[in-house]
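First comes the structure, then the notes that go with it.
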Amino acid sequence: MPKKLVIKVTAGADAAERCSQAFTVAAVAVASGVEVSLWLTGESAWFALPGRAAEFELPHSAPLPDLIDSILAGGGITLCTQCAARREIAEKDVLEGVRIAGAQVFVQEAMADGAQALVY
């Protein structure tokens, strides 16, 4: 059975390559049959909102909306509670399938048997 991959992305458009790498790795892992939990923190929190990923551009990278769709189709995306609050993002505002949860849940996922955590 494949491991679970817990990925925390801390960058958004402010560090586009790092951001894109996190979403790309998550989508490839999902496509490979790995259980994936992607966490949006810091500036990546904005991508939990409808339409925001479409504004993201990085040459030679897959479109962010496509990567998000792939991740949601076979994995999970979580928006950090504190990051959402700082940006006044509520559960009613986020993309369908995105949950809001805090550090306790992240730690539980990252420390679970068979889990591998990556931070971008």
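Numerical summary
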| read-out | value |
| --- | --- |
| So Val36, is it within 15 Å of Val6 (Cβ to Cβ), open to solvent by 40 Å² or more (accessible area, probe 1.4 Å) and either in a helix (DSSP H, G or I) or among the hydrophobic types (A, V, I, L, M, F, W, C) (or both) | no |
| Matching residues in region 67-120 - criterion: being open to solvent by 50 Å² or more (accessible area, probe 1.4 Å), farther than 20 Å from Glu55 by Cβ and outside any helix (DSSP H, G or I) | Arg99, Asp113, Gln116, Leu118, Val119 |
| Answer residue from region 41-63, given it is within 14 Å of Ala13 (Cβ to Cβ) and in contact with a Ser or Thr (Cβ under 7 Å, 6 or more places away or on another chain) and is least open to solvent (accessible area, probe 1.4 Å) among those | Ser44 |
| Close pairs from region 32-56: first basic (Lys, Arg), partner open to solvent by 30 Å² or more (accessible area, probe 1.4 Å) and in a helix (DSSP H, G or I), Cβ under 9 Å, at least 6 apart | Arg52/Trp46 |
| Residue in region 41-56 that is β-branched (Val, Ile, Thr) and assigned to a helix (DSSP H, G or I) present | no |
| Breaking point among (1) modelled with pLDDT under 95; (2) in a strand (DSSP E or B), for Met1 | (2) |
| Subset of region 5-33 [farther than 21 Å from Thr81 by Cβ and part of a strand (DSSP E or B)] | Leu5 |
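The values are calculated or read from the model by the stated rules, or taken from the named source; none is laboratory data. Just so it is clear, the model here is predicted, and its values are computed rather than measured. Reconstructed Cβ throughout: ideal geometry from the backbone, glycine too, with neighbour counts over all protein chains shown. These area figures cover heavy atoms from the full protein model, side chains too; ligands, DNA and RNA do not enter into them. Shrake-Rupley method; radii C 1.70, N 1.55, O 1.52, S 1.80 Å.
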